[in-house]
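Here is the structure we will look at.
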Amino acid sequence: VNQQACHSLGYSREELLGMSLSDIEMEYNQHRFIELEASEDGAITFSSVYRRKDGSMFPTEVRVGEVTLRGQTLNLAAIRDITARRRSEEALKESEEKYRTLVETTDTGFTILDSQGRVIDANKEYVRLTGHISLAEIVGKSVLDWTAEYDRERNRAEVISCLQRGYVRSLEIDYVDAQGRITPVELNATVLSTGNA
């Protein structure tokens, strides 16, 4: 056991060397490895919860692999405290839920498009403006699909211009639904980089 493990768990090296996993790991199950799928290098990675000497608990990511030492096969475990990562994930989830609530309670249509002008996400108001009922009907489709035919070339040019300039403001075009009903809309867009291609 290394010094970092002693620090994380609050035990001395001598104390840890006399313990088993069941002493420090919540919900310890010696048979669980049979149910887990190993990676190409034979190691198994899973999430767990460990208990410190003071009784407090923390989430971990555990990677277990076999090593041979002096002719004996041993399990080598690398244990990472993922408390900070969990907190970040929870904060992100909370932020996304707030964002979704704010976006869904406004009378303004919001949509997220990819670089080709295809819908990735949208709120209910935007779905309504396109003449559709559910988000599933428009995800992956181009905004040109519900742009009135006489506005399609202008809208296409503005999508390209938006990508080059980084924004578009007060673009007025008409959307049309399957029954031919026209809905005039004003578009404002900003390009955001997500780091994805």
Scanning the stretch 27-45 for residues that are in a loop (DSSP other than H, G, I, E, B) and at pLDDT below 80 gives Glu27, Tyr28, Asn29, Gln30, His31, Leu36, Glu37, Ala38, Ser39, Glu40, Asp41, Gly42
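Any idea which of Ala157, Ala178 is of a type outside the set (Val, Ile, Thr) and touching a residue at least 40 places away in the same chain (Cβ under 8 Å)?
Details: Ala157 fails: touching a residue at least 40 places away in the same chain (Cβ under 8 Å).
Selected residue: Ala178, the only one of Ala157, Ala178 that is of a type outside the set (Val, Ile, Thr) and touching a residue at least 40 places away in the same chain (Cβ under 8 Å).
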Taking the stretch 1-20 and the residues there that are touching a residue at least 24 places away in the same chain (Cβ under 8 Å) and either of a type in the set (Asp, Glu) or in a helix (DSSP H, G or I) (or both), the one that is least open to solvent (accessible area, probe 1.4 Å) would be Leu9
Practice task
Answer yes or no as to whether Thr190 is open to solvent by less than 70 Å² (accessible area, probe 1.4 Å), over 30 Å from Phe58 (Cβ atoms) and of a type in the set (Val, Ile, Thr).
Solution key: no
Scanning the stretch 46-84 for residues that are outside any strand (DSSP E or B) and under 18 Å from Ala5 (Cα atoms), the one least open to solvent (accessible area, probe 1.4 Å) turns out to be Ile82
Thr101 meets each of (1) farther than 30 Å from Pro59 by Cα; (2) open to solvent by 60 Å² or more (accessible area, probe 1.4 Å); (3) of a type in the set (Val, Ile, Thr); (4) assigned to a helix (DSSP H, G or I) with one exception, condition (1)
Taking the stretch 59-85 and keeping only residues that are within 22 Å of the chain's Cα centre (by Cα), under 20 Å from Glu27 (Cα atoms) and among the hydrophobic types (A, V, I, L, M, F, W, C), one is left with Val62, Ile82
Going through the stretch 138-195 in order, the residues found to be farther than 13 Å from Leu113 by Cβ and part of a loop (DSSP other than H, G, I, E, B) are Ala148, Gly166, Asp177, Ala178, Gln179, Gly180, Arg181, Ser193, Gly195
Being out of contact with any strand residue (DSSP E or B) (no Cβ under 9 Å at 6 or more places or on another chain), modelled with pLDDT under 95 and of a type in the set (Lys, Arg) narrows Arg165, Arg154 down to just Arg165
Restricting the stretch 117-174 to residues that are more than 30 Å from the chain's Cα centre (by Cα), open to solvent by 50 Å² or more (accessible area, probe 1.4 Å) and of a type in the set (Gly, Ala, Ser), the one farthest from Ala189 (Cα to Cα) turns out to be Ala157
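The values are calculated or read from the model by the stated rules, or taken from the named source; none is laboratory data. All of these numbers come straight from a predicted model, not from anything done at the bench. Glycine gets a Cβ as well: all are built from the backbone with ideal geometry, and neighbour counts include every protein chain shown. Note: areas computed on protein heavy atoms with side chains; ligands, DNA, RNA excluded. Shrake-Rupley method; radii C 1.70, N 1.55, O 1.52, S 1.80 Å.
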